[in-house]
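Notes for the one structure printed next.
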Amino acid sequence: METKKSSRGKIQTTKLLLSQVIDFLPDPTFAIDLEGRVIVWNKAMETLTGARALDMVGKENHEYALPFYHERRPILIDMVLKADPEIEKKYVFVRHEGESFFAETVGLPSGRNLWGKASPIYDESGRLTGAIESIRDITEIREVEKGHEHALKQLAQLIDFLPDPTFAINADGRVTVWNRAIEDLTGMSAGDILGKEDCAYSLPFYGSKRPMLADLVLHPDNKLEQEYSSIRRENGSLYAESEVPHMGVYLWGKASPIYGRNGEIMGAIESVRDITEWKHTERSLRQSEEKYRDIFQNVSDFLYTHDLDGRIIETNLATKMSTGYTEADLLHLNIRDIIPERFRPLTGEYVRRVMEKGYDEGLMTIMTKNGHERIMEYRNSLILDRNGTPTGIRGSARDITSRIEAARQLKRERDFSTSIIQTSPAFYDAVDPEGKVIFMNQAMLNALGYTLQEVSGKNYASLFIPEDDHDAFSRAMDAMVSSREPVVHENRVLARDGTAILVQWQGKAVFREDGGIAFVFGIGINITRQRLAQELVRASEKKFETAFQSSPVPSSITDIESGRIVDMNSALGLMMGYSREEAIGKTSLEIGIWENPADRDRLVGMVAAGTMVDNEEVGFRIRNGEVRNILYSGRLIDIYGKPHVLSHVQDITEQKRTEE
């Protein structure tokens with residue numbers, strides 16, 4: 001007896017010690033015995049749930065779930081004692097590791113995200129005595145992760161519009177960004193490279209996997225840095241140039257680290273620029289004046305020099321080819337001679353600006369030798385001798401006539417689009433982020449009885465949306481913003497006279513580059529009459545259904561293509577001994593109605609061919625197996641564009657027996 005008392009005392013002491021240890025754990029923790037009775041509920045759990053240990057210890061029947069789910073239900077700790085796949089379905093994920101279970105849950109009534117770990121409890125002899133679960137509130141962690149993911153998406157969108165080919169990797173070397181410009185440069189799409197690691201992003205450049213500039217930002221390597229023709233570090237960034245034989249180009253690159261909120265390095269970003277042409281030009285300029293002259297003569301832009309009086313001294317080949325003048329012609333001309341007469345008085349002002357500022361830039365109209373006018377975008381600078389005395393003006397110009405014409409064409413196209421919108425019978429409207437009207441086409445204005453001046457700046461929902469439709473309208477607007485995709489919806493729009501017009505809309509939110517909403521626009525069709533017509537059709541169908549079902553004549557409707565019964569009335573069901581539910585969806589052959597199936601093929605074939613069948617005598621087998629004498633009539637009807645057979649039957653069995 002003393003030994004047993006001593007053992008029980010040790011057990012109680014051990015439980016007390018365990019309870020005290022658990023009570024001081026920083027994570028909310030509780031434990032249950034094999035009967036599901038709470039045996040430990042620590043202080044951190046009291047703080048998390050608001051439920052006191054005094055009120056929880058000893059409770060069973062899943063009462064420990066109430067503070068979390070507001071209902072009694074099995075949770076993670078119960079899976080330790082009894083595996084149950086239904087419990088797993090209630091968690092975002094459940095992971096097994098040894099005898100322990102790890103899980104995460106969302107959507108609690110409190111709105112919190114919780115992580116939990118549950119493990120078995122054994123006594124000294126290794127017998128299972130209960131289970132213990134620790135919980136951690138990870139709501140803020142998940143919010144931070146969401147914010148981080150959102151920031152990364154915004155960064156990716158911004159990088160995608162950069163003109164320079166750009167990619168980014170995370171700290172593990174996995175590609176996180178691959179913009180459009182780098183797709184064009186390498187021929188590799190973002191879908192093929194995003195998420196790849198192990199220097200896979202170097203393959204398009206070098207034909208093999210090797211570290212690039214972004215890797216040297218994360219992991220400096222002097223040996224690898226020597227492979228670049230020039231490389232320098234500046235404020236944590238790396239700048240380098242290198243020939244890339246695999247691509248046949250020279251590339252300039254800049255790589256910088258990407259920092260997290262706390263200053264930790266999260267990855268690296270690298271932009272490259274094809275400087276092949278610049279390198280070739282640089283090399284040519286260094287080699288000789290002859291090479292320089294070759295560039296001067298063959299560059300596509302106009303290059304020229306003239307003295308301070310406007311006399312042309314030198315021009316390049318592009319000038320001659322585009323203007324039609326020969327070199328001999330130009331050497332005898334003044335710049336005034338190639339400018340339309342109406343602009344010639346402005347040449348003196350042009351020279352004065354260059355003299356005062358040292359340069360001038362702008363647009364100038366010139367005349368070709370055959371009299372055509374071309375618009376030039378120019379930039380000129382003053383030529384000084386060794387003493388700083390002005391001696392002439394040098395300049396470059398680019399023919400932007402085509403660009404100007406393209407801009408004019410774009411304006412014409414915009415005007416054309418505007419004309420289409422304004423003359424379209426469809427409704428077009430747009431509202432700003434505050435819901436105020438910024439545009440409404442003429443068709444919509446006419447239908448509503450307003451002018452654009454009357455509705456501009458007015459709150460769209462308050463003026464046009466009936467009170468009963470406000471919630472649905474708000475949900476549609478929210479869907480456009482959240483999905484960033486077109487949303488199809490219907491709502492009523494109020495005209496000036498109070499008439500409600502039912503409109504089917506396709507709306508979309510348009511966003512600025514900074515991610516803010518620029519405006520929301522919609523294209524709508526007035527479906528008021530269409531909906532009324534649909535309602536009339538439905539009413540007509542209802543009338544037909546009522547007449548069909550209440551008719552004393554046994555009748556059915558069958559789809560010709562499949563042979564399946566679409567509907568039958570109660571009179572036919574009563575005669576045959578089958579309910580509508582038993583017959584609909586089956587063929588008459590599957591049910592076994594026809595005494596002679598060949599009769600069915602013959603009669604349905606006649607109806608399908610357009611022949612009206614009247615009072616053909618056939619044998620029908622009813623549910624109890626009895627064969628009845630039937631007069632069959634059928635005709636072809638159209639239901640939603642598909643051919644069906646409308647059948648009427650008359651049981652003449654008793655009549656025939658009387659006659660016999």
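Structural remarks
- Subset of the stretch 471-493 (residues that are open to solvent by 50 Å² or more (accessible area, probe 1.4 Å), within 25 Å of N446 (Cβ to Cβ) and either among the small types (G, A, S) or over 18 Å from the mean Cα position of the chain (by Cα) (or both)): E490, R492
- E561 within 42 Å of the chain's Cα centre (by Cα) and either basic (K, R) or over 30 Å from Q442 (Cα atoms) (or both): yes
- Residues that are of a type in the set (S, T, Y) and under 19 Å from G585 (Cβ atoms) were ranked within the stretch 537-571; the one that is surrounded by the fewest Cβ atoms within 10 Å (Cβ to Cβ) is S562.
- Annotation note: of M444, M440, the sole residue that is at pLDDT 90 or above, in contact with a Gly (Cβ under 9 Å, 6 or more places away or on another chain) and surrounded by 15 or more Cβ atoms within 10 Å (Cβ to Cβ) is M444.
- Check on R538, on the phi > 0 side of the Ramachandran plot and basic (K, R): no
- First in the stretch 173-184 and more than 14 Å from C199 (Cα to Cα) and open to solvent by 10 Å² or more (accessible area, probe 1.4 Å), second anywhere and among the small types (G, A, S) and in a loop (DSSP other than H, G, I, E, B), Cβ under 9 Å, 6 or more apart: E183/S189
- Screening the candidates L382, L346 for the property of being in a strand (DSSP E or B), of a type in the set (A, V, I, L, M, F, W, C), surrounded by 11 or more Cβ atoms within 10 Å (Cβ to Cβ) and within 55 Å of the chain's Cα centre (by Cα) yields one hit, L382.
- Meets criteria (crowded, with 18+ Cβ neighbours inside 10 Å and either at pLDDT 90 or above or over 48 Å from the mean Cα position of the chain (by Cα) (or both)) for G524: yes
- Single unsatisfied condition, F68 versus (1) under 18 Å from L128 (Cβ atoms); (2) crowded, with 16+ Cβ neighbours inside 10 Å: (1)
- Of all residue pairs spaced 6 or more apart or on separate chains, those with beta-carbon atoms under 9 Å, a first member in the stretch 599-612 that is in contact (Cβ under 8 Å) with a residue 12 or more places away in the chain and basic (K, R) and a second member that is part of a helix (DSSP H, G or I) and open to solvent by less than 40 Å² (accessible area, probe 1.4 Å) are R600/S588.
- Some residue of the stretch 393-405 being without any contact (Cβ under 8 Å) to a residue 24 or more places away in the chain, part of a helix (DSSP H, G or I) and not hydroxyl-bearing (S, T, Y): yes
- Subset of the stretch 309-324 [at pLDDT 80 or above and open to solvent by 30 Å² or more (accessible area, probe 1.4 Å)]: D309, R311, I313, E314, G324
A quick yes/no check of all residues on (1) within 22 Å of Y450 (Cβ to Cβ); (2) acidic (D, E); (3) touching a strand residue (DSSP E or B) at 6+ places or on another chain (Cβ under 7 Å):
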| position | (1), (2), (3) |
| --- | --- |
| P486 | no, no, yes |
| T499 | yes, no, no |
| A509 | no, no, yes |
| R512 | no, no, yes |
| G522 | yes, no, yes |
| T528 | yes, no, yes |
| R538 | no, no, no |
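- Cβ separations smaller than 8 Å between residues 6+ apart or across chains give the following pairs from the stretch 542-563 residues that are more than 24 Å from R628 (Cβ to Cβ) to residues that are of a type in the set (S, T, N, Q) and not in a loop (DSSP other than H, G, I, E, B): S562/T587.
- The stretch 326-343: number of residues that are part of a helix (DSSP H, G or I) and free of Cβ contacts under 8 Å to residues at least 40 places away in the same chain: 10
- Answer residue from the stretch 109-163, given it is open to solvent by less than 50 Å² (accessible area, probe 1.4 Å) and in contact with a helix residue (DSSP H, G or I) (Cβ under 6 Å, 6 or more places away or on another chain) and is modelled with the lowest pLDDT among those: D160
- Check on M247, assigned to a loop (DSSP other than H, G, I, E, B), modelled with pLDDT of 85 or more and within 22 Å of I182 (Cβ to Cβ): yes
- Complete set of residues in the stretch 244-265 that are open to solvent by 40 Å² or more (accessible area, probe 1.4 Å) and either farther than 18 Å from S230 by Cα or over 34 Å from the mean Cα position of the chain (by Cα) (or both): P245, H246, M247, G248, I258, Y259, R261, N262, G263, E264, I265
- Here the stretch 406-437 is the region considered, the condition is being free of Cβ contacts under 8 Å to residues at least 40 places away in the same chain and among the hydrophobic types (A, V, I, L, M, F, W, C), and the residue that is least open to solvent (accessible area, probe 1.4 Å) is V437.
- All helices (runs of 4 or more DSSP H) inside the stretch 577-660 with 3 or more residues being surrounded by 14 or more Cβ atoms within 10 Å (Cβ to Cβ): 580-583, 597-608
For (1) more than 30 Å from R374 (Cα to Cα); (2) touching a helix residue (DSSP H, G or I) at 6+ places or on another chain (Cβ under 6 Å), each residue gets a yes or a no:
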| site | (1), (2) |
| --- | --- |
| R408 | no, no |
| F416 | no, no |
| Y428 | yes, yes |
| S462 | yes, no |
| V493 | yes, yes |
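- Pair list, Cβ under 8 Å, 6 or more apart: the stretch 352-378 residue farther than 18 Å from E405 by Cβ, other residue open to solvent by 80 Å² or more (accessible area, probe 1.4 Å) and part of a strand (DSSP E or B): Y359/R379; D360/R379; E361/R379; Y378/E361; Y378/L363; Y378/R398
- Of all residues in the stretch 83-101 being assigned to a loop (DSSP other than H, G, I, E, B) and surrounded by 11 or more Cβ atoms within 10 Å (Cβ to Cβ), the one that is modelled with the highest pLDDT: E99
- Among (1) of a type outside the set (V, I, T); (2) open to solvent by less than 50 Å² (accessible area, probe 1.4 Å); (3) out of contact with any Lys or Arg (no Cβ under 9 Å at 6 or more places or on another chain) - the single one A509 does not satisfy: (3)
- For the stretch 610-624, the set of residues classified as touching a Gly at 6+ places or on another chain (Cβ under 9 Å) and either closer than 18 Å to R657 by Cβ or among the charged types (D, E, K, R) (or both) consists of D614, E616, R621, I622, R623, N624, listed by residue number.
- In the stretch 37-62, the residues that are open to solvent by 40 Å² or more (accessible area, probe 1.4 Å), closer than 19 Å to T129 by Cα and not in a loop (DSSP other than H, G, I, E, B): I39
- Here T166 meets the list (1) modelled with pLDDT of 90 or more; (2) closer than 30 Å to P26 by Cα almost entirely, failing just condition (2).
The values are calculated or read from the model by the stated rules, or taken from the named source; none is laboratory data. Remember, it's a predicted structure, so these values are computed and weren't measured experimentally. Methodologically, a virtual Cβ is constructed for each residue, glycine included, from the backbone with ideal geometry; neighbour enumeration extends over all protein chains shown. Just the protein is used for accessible areas: all its heavy atoms, side chains included, with ligands, DNA and RNA removed. Shrake-Rupley method; radii C 1.70, N 1.55, O 1.52, S 1.80 Å.
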